[in-house]
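Visitor: This is the structure, below, for whatever I ask next.
Here, each number is a calculation from the coordinates, and none is a lab measurement. A quick note: this is a predicted structure, and the numbers were derived from the prediction, not measured. Quick reminder, even Gly has a Cβ in these numbers, built from the backbone with ideal geometry, and neighbours come from all protein chains shown.
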Ligand SMILES: *Cc1c(COP(=O)(O)O)cnc(C)c1O
């Protein structure tokens with residue numbers, strides 16, 4: 001299967017899931033999670049019609065950016081962002097998905113202020129309460145959204161999560177449902193510098209389920225590009 005075939009198939013599955021949930025398929029953003037795929041393959045995905053490119057590693061993103069990989073599509077940073085790499089990402093990525101602490105929010109705000117821009121971000125929720133994962137606990141989200149008022153060069157555009165790996169479909173659905181409730185509950189309130197537009201959840205194995213549960217932004221990697229090298233080794 002070519003990248004174009006994969007994108008066409010995923011788009012069809014996304015559209016079916018959106019319609020079943022009573023939503024306009026055009027309202028769901030497809031982010032191509034392109035880690036470990038080179039610039040030529042990223043360009044192929046853009047030509048095939050993905051909405052956005054998403055990268056996990058700052059160094060890899062800068063290298064591929066220098067090769068013109070992202071021309072024609074917006075770029076999102078979807079990985080874990082370290083504070084000492086914020087400078088390299090602010091202004092380059094139009095949306096930073098995984099903001100997992102107020103301290104990181106503050107560093108991004110200061111950097112955006114220096115550059116004279118406003119940086120869009122999503123808050124990451126540790127929806128499975130995993131010790132190994134960073135992110136806000138669901139009950140911390142209202143306070144985190146209130147804090148955004150202090151950061152005038154940030155706009156919080158919504159929430160993202162990566163549910164625990166290897167759980168049953170049913171458990172996964174519960175995590176997505178819980179995320180959607182958190183998103184909807186907090187969308188009803190007015191916070192300064194917050195506009196709850198995006199709920200980023202769903203990957204190759206579960207994007208249709210995520211859309212059924214309310215996601216409007218899916219991050220799909222291996223279903224578009226094929227297995228990554230380390231995934232090949234695993235099997
Ligand atoms: C790699 C990655 C994805 C895509 O994973 P697949 O299972 O290959 O679709 C999505 N989100 C994040 C944050 C990732 O790191």
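Visitor: For an R0 of 30 angstrom, estimate the FRET efficiency from the Cβ-Cβ distance between residue 131 and residue 47 and round to the nearest 0.05.
Guide: 0.15
Visitor: Here's something else I'd like to know. Whole Å is fine, so just give me how far the alpha carbon centre of the stretch 57-71 lies from that of the stretch 104-121.
Guide: When both Cα centres are located, 21 Å separates them.
Visitor: Given the -39500 (n - 2.57) contribution per DSSP H run of 4+ residues, what per-residue ellipticity at 222 nm results for the chain, rounded to the nearest 500 deg cm²/dmol? Mind showing how you got there, number by number?
Guide: Details: 10 runs with 96 residues, N = 235.
Rounded to the nearest 500, it is -12000 deg cm²/dmol.
Visitor: Work the Kirkwood hydrodynamic radius out for the stretch 1-129: mean of 1/r over every pair of different alpha-carbon atoms, inverted, in Å.
Guide: Computed over the stretch 1-129, the radius equals 15.8 Å.
Visitor: Right, something else. Would you please calculate the Kirkwood hydrodynamic radius of the chain over all C-alpha pairs and express it in Å, rounded to one decimal?
Guide: Computed over Cα pairs of the chain, the Kirkwood hydrodynamic radius comes out at 18.0 Å.
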